[in-house]
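The values are calculated or read from the model by the stated rules, or taken from the named source; none is laboratory data. The structure presented is a predicted model; accordingly, all values stated were derived computationally and were not measured. Virtual Cβ from ideal backbone geometry, glycine too; neighbours counted across all protein chains shown. We work out accessible area using only protein heavy atoms, side chains counted, and drop any ligands, DNA or RNA first. Shrake-Rupley method; radii C 1.70, N 1.55, O 1.52, S 1.80 Å.
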Amino acid sequence: MGVAIPAIAIAVYPIWLVPSTSASGTEVALWATAHHDRLVVTQVFYTVGVGLWLTFGAAIWTHLRNRLPAGSHLPSGFGVGLVGLVTLILAGFTTFDLLLYRTRGTEVTTLLYDLTFGFLVMSGVPTAIALGSFAIAVYRHRVLRRSTAHLAAVAAVGHVVLLVAFIAPTGPLSLQGFLTVWAIPLLLFAWIGHTAQTMPR
């Protein structure tokens, strides 16, 4: 559900239609006004979906804690990272929701829009910690299929690369580049979906 619900939001308003981060505050404000209702609906889907990641993360954390040696820091590393990534993503959603809440001046609109992408990109740090801890746990202790660790390791590296978005004004690794918006987040979605299917019932 944490993957399927956000996917519904794409049908409401495709993410690739959002303005570039180089757009002026006036352009962003006009866009937000023109598509206000659809954007609000997408935010509801995104927020519910990401919120469900906490439930998924609790299940993974419990699984790791019960199967790893006593005293292992890996379950805590995963849990702290998961909470951190969800918190930063929700912070990004909050700034975007504030942008939609009412009409604002050009400078404030630009700031809120940039903060939205900034929070989402910065979530790559705790994501890498969570996925890295998970991958190490699976590789060392075989607590789940190794394929889940392969996906986690690749996604962890990808989310570290996300930080390049802060210094790349254009191109695939910019704040709204293909890798930042699509490829790297899809690795996380793929890991969530695959790991959920391999968890013992």
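Under the condition of being of a type in the set (Ser, Thr, Tyr) and over 16 Å from the mean Cα position of the chain (by Cα), which residue from the range 116-140 is most open to solvent (accessible area, probe 1.4 Å)? The selected residue is Tyr139. Scanning the range 141-169 for residues that are in contact (Cβ under 8 Å) with a residue 60 or more places away in the chain and surrounded by fewer than 18 Cβ atoms within 10 Å (Cβ to Cβ) turns up His141, Pro169. So, Thr103, is that one more than 28 Å from Gln197 (Cα to Cα) and part of a helix (DSSP H, G or I) or not? No; evaluated as a whole, the condition is false for this residue. Quick check on Leu64: is it in a helix (DSSP H, G or I), hydrophobic (A, V, I, L, M, F, W, C) and either closer than 30 Å to His141 by Cα or in contact (Cβ under 8 Å) with a residue 12 or more places away in the chain (or both)? So Leu64 fits the description; yes.
Is at least one residue of the range 97-114 without any contact (Cβ under 8 Å) to a residue 60 or more places away in the chain, open to solvent by less than 70 Å² (accessible area, probe 1.4 Å), more than 20 Å from Ile10 (Cα to Cα) and touching a helix residue (DSSP H, G or I) at 6+ places or on another chain (Cβ under 9 Å)? Yes: one or more hits. Scanning the range 14-32 for residues that are open to solvent by 50 Å² or more (accessible area, probe 1.4 Å), part of a helix (DSSP H, G or I) and touching a residue at least 24 places away in the same chain (Cβ under 8 Å) turns up Ile15, Trp16, Thr26.
When the range 123-140 is filtered for residues that are of a type in the set (A, V, I, L, M) and free of Cβ contacts under 8 Å to residues at least 40 places away in the same chain, the ones remaining, listed by number, are Ala135, Val138.
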